Amino acid sequence: METIYFKEHECHTYGSLPAVGQKAPDFKLVTPDLKEVKNADYIGKRVVLNIFPSLDTPVCAASVRRFNQEMSKLENTEVLCVSMDLPFAAGRFCVAEGLERVTPASAFRSPEFVKNYGVQIVDGPLAGLLARAVVVIDGNGKVIYSDLVRNITEEPHYAEVVDVINRWPQEPCLPYS
């Protein structure tokens, strides 16, 4: 369980983010076309999990726009924008905003994602939604960056994410085990 804040309200998460160096927990998320995406779909690519409460908030929407902009400069990197928003709504947002370098991915039917990544808020005004966090997974399925943003009203540390991706060596990719 981690402590985070929504404005001045103390809140807690279900668990903790996966640690840098460990194998990324399995996930299944749902895209706007109702296709399930999972870890194994991204073997050989770096994956940025931009996790947040809802696109219906200005900070969450700004993070999706910013990751779209930042990731357009990076090769071999996919961004999944993960929330509890319905996949249709997230898809409409990205189409309306012209965002083509990020993939909306809903956790609305993925209890294993919220459990394995420890990001569900369990109390406070946003209980049931996801905390703001970023996890970067390398092409071999190992976590290379993990950050839980302590105040939900603040944006992620974009420069840190880009720096980690630019510094991380491309290693030969092994199948997920």
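Loop-located GluC sites (Glu not before Pro) across the range 1-64 with a Cβ neighbour count of 11 or fewer within 10 Å are GLU8, with loop assigned by DSSP.
What shape does the range 47-94 have by the C-alpha gyration tensor, where a ≥ b ≥ c are the square roots of the eigenvalues, rounded means a/c under 1.5, and otherwise prolate means a/b greater than b/c and oblate the rest? Prolate, because a/c is 1.5 or more and a/b exceeds b/c. Ranked by solvent-accessible area (1.4 Å probe, protein heavy atoms only, all chains present), the residues ARG150, ARG92 order from largest to smallest as ARG92, ARG150.
Divide, for the range 1-50, the radius of gyration over alpha carbons by 2.2 N^0.38 Å, where N is the residue count. Could the numbers behind the result be given before it?
Numbers: Rg = 14.7 Å, N = 50, 2.2 N^0.38 = 9.7 Å.
The value comes to 1.51.
Coupling constants for the range 149-154 follow from the phi torsions by the Karplus curve (6.51 cos²θ - 1.76 cosθ + 1.60, θ = phi - 60°), and in residue order they are 6, 5, 10, 4, 7, 9 Hz; glycine and proline get x. Spin-label pair LEU74-GLU97: with each label point 7 Å from Cα along the Cα-Cβ axis, the two points sit 1.6 nm from one another.
When a/c reaches 1.5 or more, the comparison of a/b and b/c decides; with that in mind, is the range 116-172 rounded, prolate or oblate per its Cα gyration tensor? Intermediate results must be reported in sequence, preceding the final value.
Numbers: a/c = 5.05, a/b = 1.90, b/c = 2.65.
In terms of gyration-tensor shape, oblate.
Taking amide H atoms as placed 1.01 Å from N in the peptide plane, the amide H of LEU126 has no partner under 5 Å among residues 5 or more positions away or on other chains. Working from label points 7 Å from Cα in the Cα-to-Cβ sense, the ASP163 to GLU112 distance is 3.5 nm. Specify which labelled value, from [x] 44, 35, 30; [y] 40, 33, 31; [z] 96, 43, 27, agrees with Cα extents along the principal axes in Å derived from the coordinates of the model shown. The calculated read-out lines up with [x].
Of the residues VAL119, VAL161, SER54, the one whose Cα sits farthest toward the positive end of the charge dipole of the range 22-177, with +1 on the Cβ of Lys and Arg and -1 on the Cβ of Asp and Glu, is VAL119.
The values are calculated or read from the model by the stated rules, or taken from the named source; none is laboratory data. Values in this document were obtained by computation on a predicted structure and should not be read as measured data. No Cβ is skipped: glycine too gets one built from the backbone with ideal geometry, and neighbour counts run over all protein chains shown. With ligands, DNA and RNA removed, areas are computed over all heavy atoms of the protein, side chains included. Shrake-Rupley method; radii C 1.70, N 1.55, O 1.52, S 1.80 Å.
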